[in-house]
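Participant: Here it is, the structure, as structure tokens.
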Amino acid sequence: MDLNTIESDDIGTVAGQPAARATAAKKVFIKTYGCQMNVYDSQRMSDALAADGYTATDAIGEADLVLLNTCHIREKAAEKVYSELGRIRDMKAERADAGRELLIGVAGCVAQAEGAEIIRRSPAVDLVIGPQTYHRLPDVLARVRGGEKIVETEYAIEDKFEHLPRPRRAEIIKRGVTAFLTVQEGCDKFCTFCVVPYTRGSEVSRPVAQIVAEAERLAEAGVREVTLLGQNVNAWHGQGENGEEWGLGRLLFRLAEIPGLARLRYTTSHPRDMDDELIAAHRDLPSLMPYLHLPVQSGSDRILKAMNRRHTAEDYLALLDRIRTARPDIALSGDFIVGFPGETDADFEATMELVRQVNYASAFSFKYSPRPGTPGADMPGHVPESVKDERLQLLQALLLKQQQDFGSSLVGSSIDTLIEKPGRQAGQKVGRSPWLQPVIVDEKAGEIGDIIQVRITKTGYNSLFAELA
Ligand code: SAH
Ligand code: SF4
Ligand code: F3S
């Protein structure tokens with residue numbers, strides 16, 4: 001596929017706006033924190049701002065607008081935003097002395113959770129905008145330029161995705177051969193540790209036609225691998241093209257028909273929403289990559305109950321059996337929290353035992369961080385920081401060993417690799433394995449966007465080295 005072809009609709013206009021507006025030399029710098037959904041949202045905000053005459057820049061020094069797309073999931077994530085705002089405030093003051101304006105915006109989950117509090121703590125901030133209202137960004141900015149400070153955190157009644165400009169072909173090409181596509185947002189699960197139901201609101205699924213159109217557009221622009229995103233992506237449901245109710249499994253079957261889309265993934269899933277059709281998709285769809293991120297959080301039923309996960313360790317293991325029967329080469333990834341209130345040594349040992357039983361190819365683990373407004377924060381039995389540290393170290397050592405063993409088990413075997421980008425070292429390119437590992441190959445092994453067979457020769461800390469098979 002020729003990545004350099006530019007469609008006529010991308011020349012002279014930006015997402016349907018007259019060319020004259022698009023040529024104004026305003027620049028926006030967007031910094032993204034948190035999960036993949038924020039990465040996707042930042043791209044869509046960038047698309048919306050392009051329609052308003054902004055070009056994106058990687059250099060904060062040349063920006064007229066700095067947007068922080070923030071994460072509220074753990075205390076550290078939220079605090080980072082305030083320290084970054086301190087630095088940008090100083091920049092804004094220097095700019096003002098030089099007679100040039102710098103606008104500061106806070107988007108994302110901290111924006112939604114803290115709203116006007118952000119402007120109270122950081123008066124240099126001009127606008128605060130929650131994730132459900134990004135399509136209103138150009139209007140909000142117009143008011144900000146008129147001298148107002150704006151806090152926009154109401155959940156919009158209109159569908160933001162319908163109002164956001166569609167991704168532009170030139171931008172898709174710039175972003176590379178792998179892409180995110182949000183299909184579902186929000187969460188109704190209310191795990192007692194988690195802020196997401198409060199920052200992202202209740203579960204909403206995008207309609208099938210919208211998703212298919214966006215996936216086709218990505219494929220036409222040369223994207224080979226699409227990762228469907230949702231806070232609870234496997235709770236996605238919608239009315240299919242045949243009028244029937246579809247679940248994520250059925251949607252994946254439909255997306256697999258799109259020419260050019262060679263690889264599909266989805267994240268993040270909840271164990272309770274893995275239905276038979278989704279498991280069948282793993283069995284029947286070669287393009288659905290054999291890698292599943294399925295967080296369990298803890299191996300102790302007592303803690304799982306306190307977390308309101310609504311499944312037991314046994315349920316989780318039985319589910320994995322069914323998934324592995326359907327797709328024997330599937331590799332598992334997960335999330336873990338250590339030190340949830342009330343967690344004893346025995347509870348923690350149950351988590352270690354579950355990890356030993358599952359054998360993860362990769363995983364993320366965190367110390368419990370009490371989040372204001374969540375039930376967990378008010379539970380008795382908070383675990384001392386030093387104990388959390390110890391447990392995290394033990395768990396991470398085990399998970400790292402499993403990850404490295406998984407990498408080593410691939411040495412000598414031939415695997416498919418999607419060539420993604422130039423390597424950091426001259427003469428190399430970086431590909432992506434079916435299990436999301438970076439694969440370092442000789443730059444002549446293939447062109448970006450090619451899927452090639454390579455033989456794994458050795459492992460790095462986090463990556464695989466390979467030669468043409
Ligand atoms: N929807 C996903 C998780 C989204 S948040 C799911 O249900 O699994 C990503 C991860 O952050 C969670 O899986 C959890 O492991 C971690 N996390 C969430 N809240 C946390 C908290 N208060 N303290 C520590 N880790 C947390
Ligand atoms: Fe948070 Fe639980 Fe919802 Fe995941 S399922 S986003 S952990 S509340
Ligand atoms: Fe963070 Fe919001 Fe994602 S809290 S993890 S950015 S949904």
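The values are calculated or read from the model by the stated rules, or taken from the named source; none is laboratory data. All figures in this text were calculated on a predicted structure; none of them were measured in a lab. Every residue, glycine among them, receives a Cβ derived from its backbone with ideal geometry; neighbour counts consider all protein chains shown.
Participant: Find the residue count for the range 354-377, including only residues that are closer than 30 Å to Asp188 by Cβ and more than 16 Å from ligand 2 (Cβ to nearest atom).
Facilitator: 7
Participant: Here's a follow-up. Go through Ile323, Ile330 for me and flag whichever is touching a His at 6+ places or on another chain (Cβ under 9 Å) and closer than 24 Å to Thr459 by Cβ.
Facilitator: After applying the criteria, what remains is Ile330.
Participant: What are the residue pairs meeting all of these: first residue in the range 159-179, first residue free of Cβ contacts under 8 Å to residues at least 60 places away in the same chain, second residue of a type in the set (Val, Ile, Thr) and outside any helix (DSSP H, G or I), Cβ atoms under 9 Å, and 6 or more apart or on different chains?
Facilitator: Pairs that qualify, where the first residue is free of Cβ contacts under 8 Å to residues at least 60 places away in the same chain and the partner is of a type in the set (Val, Ile, Thr) and outside any helix (DSSP H, G or I), are Asp159/Val204; Phe161/Thr182; Ile172/Val223; Ala179/Val223; Ala179/Val226; Ala179/Thr227.
Participant: Another question about this same structure. Restricting the first residue to the range 191-203 and requiring it to be without any contact (Cβ under 8 Å) to a residue 12 or more places away in the chain and over 13 Å from Gly376 (Cα atoms), which pairs with a second residue that is assigned to a loop (DSSP other than H, G, I, E, B) and more than 8 Å from ligand 2 (Cβ to nearest atom) meet a Cβ separation below 8 Å and a spacing of at least six or different chains?
Facilitator: Hits for this filter: Pro197/Gly186.
Participant: Now for a different question. Of everything in the range 422-469, what is more than 24 Å from the chain's Cα centre (by Cα), among the polar types (S, T, N, Q) and within 13 Å of Val411 (Cα to Cα)? Give them in sequence order.
Facilitator: Thr457, Thr459 - these are the residues of the range 422-469 that are more than 24 Å from the chain's Cα centre (by Cα), among the polar types (S, T, N, Q) and within 13 Å of Val411 (Cα to Cα).
Participant: Looking only at the range 230-245, count every residue that is in a loop (DSSP other than H, G, I, E, B) and within 16 Å of ligand 3 (Cβ to nearest atom) and tell me the total.
Facilitator: Summing the residues that are in a loop (DSSP other than H, G, I, E, B) and within 16 Å of ligand 3 (Cβ to nearest atom) in the range 230-245 gives 4.
Participant: Same structure, new question: Residues that are small (Gly, Ala, Ser) and under 23 Å from the mean Cα position of the chain (by Cα), at least 2 per element: which helices (runs of 4 or more DSSP H) completely within the range 36-138 meet that?
Facilitator: Fully inside the range 36-138 and qualifying: 36-50, 75-97, 108-114.
This table checks each residue for (1) outside any strand (DSSP E or B); (2) within 14 Å of ligand 1 (Cβ to nearest atom); (3) buried (at least 18 other Cβ atoms within 10 Å of the Cβ).
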site	(1), (2), (3)
Ala179	no, no, yes
Cys187	yes, yes, yes
Phe190	yes, yes, no
Cys194	yes, yes, yes
Gln210	yes, no, no
Ala215	yes, no, yes
Ala219	yes, no, yes
Val223	yes, no, yes
Val226	no, no, yes
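Participant: To continue, here is another question. Which residues, taken from the range 60-78, are in contact with a Phe, Trp or Tyr (Cβ under 7 Å, 6 or more places away or on another chain) and surrounded by fewer than 20 Cβ atoms within 10 Å (Cβ to Cβ)?
Facilitator: Scanning the range 60-78 gives Ile60, Arg74, Ala77.
Participant: Moving to a separate point now. Against the conditions (1) among the small types (Gly, Ala, Ser); (2) closer than 20 Å to Asp41 by Cα; (3) crowded, with 17+ Cβ neighbours inside 10 Å, where does Ala124 fall short? Just the number, please.
Facilitator: So the condition that Ala124 fails would be (2).
Let's see how each residue does on (1) more than 17 Å from Tyr40 (Cβ to Cβ); (2) within 16 Å of ligand 2 (Cβ to nearest atom); (3) at pLDDT below 95:
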position	(1), (2), (3)
Thr192	yes, yes, no
Val196	no, yes, no
Gly201	no, yes, yes
Glu220	yes, no, no
Val223	no, no, no
Leu229	no, yes, no
Ala235	yes, yes, no
Phe253	yes, no, no
Ala262	yes, no, no
